[in-house]
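These notes concern the structure reproduced below.
The values are calculated or read from the model by the stated rules, or taken from the named source; none is laboratory data. This is a predicted model, so every value here is computed, not measured. Here the Cβ is made from the backbone with ideal geometry for all residues, glycine too, and neighbour counts use every protein chain on show.
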Amino acid sequence: MTDVKEKTKLNRKEITYNKLKGLGQDIINDVTEKKIPTLSVPSRGTSNIVYDDAKRYYVLGDRYGKRSLGNVKQIKKIGQMVHVANFCKDLVQREKTATLREMYYVSEGWGIGFDNQQESNIVGEDIEVTLGTTREDLGLMPEEDGASVYGNIVLQEGDIEINALKSGKSGYTISPTIDEVDFVGHDVKRVIAVETMGMFHRMVQEKAYDKFDTLIVGLKGQAARATRRFLKRVNEELNLPVYICNDGDPWGFHIAMVIISGSAKLAHVNHDLATPNAKFLGVSASDIINYELPTDPLKDIDVLRLKELAKDPRYRDEAWQNEIKKMLKIGKKAEQQSFSKYGLEYVVDTYFPEKLDAME
């Protein structure tokens, strides 16, 4: 099994390297044939982002934009793309990684640098979507720390085996290169991902990992790409159901839905990140009512966001529509920690057992 996985990793690196090399070769071929070099870049405009009902996540359409050295306004952008592609080719070849911030500073020495990091990030995304690969395969990593995983699963990073149940109170930190991590073994039946680290630590302290035979994942707010990739992998490779528990507000709903059906911004990689079979556990508007939770009134921006979600194709399901309407009707929102009204242990001793029982 390990040999097969090692070959898969090598194949990903080899494929990425060849794609990067091919991008440069296409430009050289155009010059050799006395043609004006052009690059075809898939459009990431809203009109080219489509919700695929069968796949249950956003995908890119078939529209492309042309960048040509024959257009004076596009020369700098093409130059930046070539520099970034060459930088990534070097990373892949040497099996190294660099943060997006490091790439921005490295570009200062190119003589065709970026005005700010946002601009360099966008060019990195252009390479990603043009080659049909991920930034992680390109060797580019985010700055943020990964999410935390606690529970009985053993992972292998290189020559090191890590048991997330024996890695301290914060468990295992999900690596940005999670596709290079092997799942060696586990003894769990499900995964519960929670939005806040406060809830994560509460579940660890109350031994929810043991009570529910579960992995606990602390999302740290909006889940990073590596976190979403981890959730997708454990769902598909280990056949573990994934449940998501967030704050009971439109922003919590959105965090859950990005895990389930991906985001429009990352339509080009949602096939690697979205987990369509993941389920929203709560906190729902119904929970706010049924458990008589402490609440805060919805702000105008909350109401506006809920109305936007109601029109979003990812929320077509009747259950989602009912929860959105119910929250608008009661005009209230609640945090995960609001269950502490009944005691610190209540969320693990009562709420989760009742919700899991109803859903399973």
Counting residues that are of a type in the set (S, T, N, Q), which strands (runs of 3 or more DSSP E) fully inside segment 146-200 reach at least 1? 148-150, 153-157, 160-163
Picking from LYS73, LYS19, LYS55, the residue that is under 27 Å from the mean Cα position of the chain (by Cα), of a type in the set (Lys, Arg) and more than 18 Å from GLU125 (Cα to Cα) would be LYS55
Segment 82-99, residues that are under 22 Å from SER68 (Cβ atoms) and among the aliphatic types (A, V, I, L, M): VAL82, VAL84, ALA85
Those helices (runs of 4 or more DSSP H) lying entirely in segment 218-308 with at least 1 residues closer than 17 Å to LYS333 by Cα and not β-branched (Val, Ile, Thr): 250-261, 285-290
Go through the residues of segment 66-88 one by one and say whether even a single one is polar (S, T, N, Q), closer than 23 Å to LEU138 by Cβ and either buried (at least 18 other Cβ atoms within 10 Å of the Cβ) or touching a residue at least 60 places away in the same chain (Cβ under 8 Å) (or both). yes
Looking at segment 176-193 only, could you name the residues that are free of Cβ contacts under 8 Å to residues at least 40 places away in the same chain and either among the acidic types (Asp, Glu) or surrounded by 16 or more Cβ atoms within 10 Å (Cβ to Cβ) (or both)? VAL181, ASP187
Here are some conditions: (1) out of contact with any Asp or Glu (no Cβ under 9 Å at 6 or more places or on another chain); (2) on the phi < 0 side of the Ramachandran plot; (3) surrounded by 17 or more Cβ atoms within 10 Å (Cβ to Cβ); (4) at pLDDT below 95. ASP210 meets all but one. Which one does it not meet? (3)
Restricting to segment 330-341, name every residue that is part of a helix (DSSP H, G or I) and either without any contact (Cβ under 8 Å) to a residue 24 or more places away in the chain or under 27 Å from the mean Cα position of the chain (by Cα) (or both). GLN336, GLN337, SER338, SER340
